[in-house]
Amino acid sequence: SLVATSAFAGALSVSGGAKISHTTKGGNEDGAASSQGSPFGLQKSISFTGSGELDNGHSVSLSHYMSAAGSQSSSILTYDMGDAGSLTYHDTSAAPGIAKIDDLMPTADEEIWNGVGGSPVGRVNGPGTGFNYTNTSMDGVRVDVGYSPKSSGSSSDDGGTTGAGGFKSATSVAIQYTGMEGANIFVGTGTKGASGGVETDVDTYGFTYTMGAFTIGAQRSETDVSGTADQEKDAFGIAFAINDNLSVSYGASETSEVGSTLDQELSGISVGYSMGGISIKAHANE
């Protein structure tokens with residue numbers, strides 16, 4: 001057994017927020033009913049964060065996010081090397097590599113696939129556990145390189161493993177260019193692994209552009225799943241800032257699969273209002 005460890009001691013601060021939500025779910029177009037209990041929910045997450053500077057000028061930061069009932073939601077450990085970039089290890093619920101740009105369409109609240117049930121097809125995000133290297137030393141260019149070592153995105157404490165040895169490792173890279181005023185042009189490519197040795201090639205590219213109060217965006221994503229049909233997804237979004245506090249948005253996407261007679265069509269509207277430390281937001285997706 002070979003065990004490699006690296007540790008440092010420090011203080012962590014605790015923070016949280018007050019958020020209450022009201023959620024309703026309608027039936028499907030085919031008439032299937034959707035049952036639900038109480039529509040009200042109260043956020044129960046808190047975060048523990050801390051950082052420290054090393055003798056060589058580099059810094060280390062740590063975040064633990066805890067969800068309902070005290071279970072671990074995610075942990076993030078970052079080693080910041082200044083102009084040389086930063087290396088982050090995400091333990092669940094994170095976005096390494098291409099997952100940083102899986103959906104950059106403008107919205108006043110949530111993405112158009114939020115709350116519709118199931119897992120929308122055509123997305124290029126990968127496992128939530130792994131390493132991500134970020135470099136922003138070039139003007140207007142951000143590079144993210146992700147690596148997930150045979151992980152399903154489950155949490156693993158010190159000295160443990162994820163237990164997902166049947167998964168294949170995932171690697172990906174994402175590049176964003178913001179050198180043009182108001183624009184973000186992005187592209188990403190990579191592979192993500194799944195159980196049984198299945199491997200998926202993923203690619204995405206698109207842009208967002210802000211002109212005055214308007215922000216528009218378009219994005220195309222492609223997935224090539226080993227042993228099954230390819231998927232292609234086209235998405236767009238538009239957001240309008242009515243004033244400094246109030247914004248509205250609309251977005252839509254369509255995903256097609258080779259050999260399938262059905263496409264997945266998603267659309268949604270969002271509104272967000274902020275007043276000091278309070279925000280009121282709503283979205284309706286189908």
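The values are calculated or read from the model by the stated rules, or taken from the named source; none is laboratory data. Please read these numbers as outputs of a predicted model, since none were measured by experiment. Note that each Cβ is placed from the backbone with ideal geometry, even for glycine, and that neighbours are counted across all protein chains shown. Heavy atoms of the whole protein, side chains included, go into the accessibility calculation; ligands, DNA and RNA do not. Shrake-Rupley method; radii C 1.70, N 1.55, O 1.52, S 1.80 Å.
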**Q.** Positions within the stretch 262-276 being open to solvent by 90 Å² or more (accessible area, probe 1.4 Å) and more than 15 Å from N243 (Cα to Cα), in sequence order
**A.** L262, E265, I269
Q. What single numbered condition from (1) open to solvent by 100 Å² or more (accessible area, probe 1.4 Å); (2) modelled with pLDDT under 70; (3) within 22 Å of N114 (Cα to Cα) fails to hold for S1?
A. (3)
Q: Taking the residues in the stretch 97-108 that are open to solvent by 10 Å² or more (accessible area, probe 1.4 Å) and touching a Phe, Trp or Tyr at 6+ places or on another chain (Cβ under 8 Å) as candidates, determine which candidate is nearest to K192 (Cα to Cα).
A: D103
Q: List every residue pair whose Cβ atoms lie under 7 Å apart, where the two residues are 6 or more positions apart in sequence or sit on different chains, the first residue falls within the stretch 97-108 and is touching a residue at least 24 places away in the same chain (Cβ under 8 Å) and of a type in the set (A, V, I, L, M, F, W, C), and the second residue, located anywhere, is open to solvent by 20 Å² or more (accessible area, probe 1.4 Å) and part of a loop (DSSP other than H, G, I, E, B).
A: I98/G126; A99/N125; A99/G126
Q.
Restricting to the stretch 246-278, name every residue that is more than 17 Å from P106 (Cβ to Cβ) and not aliphatic (A, V, I, L, M).
A. E254, T255, S256, E257, G259, S260, T261, D263, Q264, E265, G276, G277
Q.
Looking only at strands (runs of 3 or more DSSP E) that lie completely in the stretch 197-277, which have at least 1 residues being of a type in the set (G, A, S), under 22 Å from the mean Cα position of the chain (by Cα) and farther than 24 Å from V116 by Cα?
A. none
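Go through A164, A174, A194 for me and flag whichever is open to solvent by less than 20 Å² (accessible area, probe 1.4 Å) and at pLDDT below 70.
Working: A174 fails: at pLDDT below 70; A194 fails: open to solvent by less than 20 Å² (accessible area, probe 1.4 Å).
Step by step, each of A164, A174, A194 is checked, and only A164 is open to solvent by less than 20 Å² (accessible area, probe 1.4 Å) and at pLDDT below 70.
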**Q.** Flag if N184 is part of a loop (DSSP other than H, G, I, E, B), closer than 30 Å to M275 by Cα, modelled with pLDDT of 90 or more and among the polar types (S, T, N, Q)
**A.** no
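Report yes if some residue within the stretch 217-231 is at pLDDT below 95 and more than 27 Å from E265 (Cβ to Cβ); otherwise report no.
no
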**Q.** Conditions (1) open to solvent by 70 Å² or more (accessible area, probe 1.4 Å); (2) at pLDDT 85 or above: number failed by A7
**A.** (2)
Q: Would you point out which residue out of S93, S67 is modelled with pLDDT under 90, among the hydroxyl-bearing types (S, T, Y), within 26 Å of A284 (Cβ to Cβ) and open to solvent by 60 Å² or more (accessible area, probe 1.4 Å)?
A: S93
